[in-house]
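One structure below.
Every read-out reported here was derived from the displayed coordinates using simple, explicitly stated rules and does not represent laboratory data. Predicted model only: the values in this text are computed from it and were never measured. With ideal geometry, Cβ positions are generated from the backbone for all residues, glycine too; neighbour counts draw on all protein chains shown.
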Amino acid sequence: MIKLEAHFTRAGDAIAATGGQTLARWLVLEMVADEPATVAQAARRLGLTRQSVQRVANLLEADGLTEYLDNPVHQRSKLVRLTPRGRRTLQTIQGAQRVWADKVGAEIGEADLGHASRVVDRLTRVLTKHAP
């Protein structure tokens, strides 16, 4: 499993690089692509610490890819939203990801991908249930 994770991380970094980003930055962009979210919400969805996502969110904001908005539900917890530049960057990365996924998928085949997906979904449910 460690080798598989390493392969996915390397692929993710290479794909993210097409938009001038890292895998960590790509993941945070994805978390706010559909609607603004707080850093804490993004961190929970990613299974990461709030502090690590905050650091990345601050870098994205400094680069003009995201912006902080007032949160009507919580004064101190700002919402993170993509800027138009951030959306273009994310679209570039997503395009590269589709090309990569199509190549990998074509080589593995639909039936094996479907089986692997079901096994990973089941494994995720079991691991969540038995989390230490």
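The figures follow:
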| quantity | calculated |
| --- | --- |
| Order by protection proxy (mean Cβ within 10 Å, highest first), peptides 26-34, 3-11 | 26-34, 3-11 |
| Net dipole in debye of the chain [+1 Lys, Arg Cβ; -1 Asp, Glu Cβ; about Cα centre; nearest 20] | 380 |
| Angle in degrees between helix 110-129 and the longest Cα principal axis of the chain, rounded to the nearest 10 | 60 |
| Per-residue ³J(HN,Hα) for the range 57-63, Karplus 6.51 cos²θ - 1.76 cosθ + 1.60, θ = phi - 60°, Hz, x for Gly and Pro | 4, 5, 5, 5, 5, 4, 8 |
| Highest-fluctuation residue, Leu69, Leu79, Leu90 considered, GNM on the chain with Cα pairs under 10 Å | Leu69 |
| Degrees, to the nearest 10: 2-17 long Cα axis against longest axis of the chain | 50 |
| Residues listed by number, the range 21-44, amide nitrogen under 18 Å from Thr128 label point at 7 Å toward C-beta | 31, 41-44 |
| Reported label for calculated percent of Cα pairs over 18 Å apart given (1) 49; (2) 53; (3) 62 | (3) |
| Length released on extending from Ala116 to Ala101, taking residue separation times 0.36 nm less the Cα-Cα span | 4.0 nm |
| Three-way shape label, the range 80-132, alpha-carbon gyration tensor, a/c 1.5 | oblate |
| Set of aspartates and glutamates near Lys129 by C-alpha distance (under 20 Å), chain-local residues within fewer than 8 positions excluded | Asp121 |
| Degrees, to the nearest 10: 84-108 long Cα axis against longest axis of the chain | 10 |
| Choice from Gln51, Gln94, Gln75 with maximal GNM fluctuation in the chain (Cα, 10 Å cutoff) | Gln75 |
| Amide H contacts under 5 Å for Thr66, placed H, 5+ residues apart | Glu61, Thr83 |
| Mean separation of Cα contacts under 8 Å (6+ apart) over length of the chain, as relative contact order % | 22 |
| Rounded FRET efficiency, nearest 0.05, which uses the C-beta distance separating Asp34 from Ala62 and R0 of 30 Å | 0.85 |
| Helix-derived mean residue ellipticity, 222 nm - over the chain, DSSP H n ≥ 4, -39500 (n - 2.57), to 500 | -22500 deg cm²/dmol |
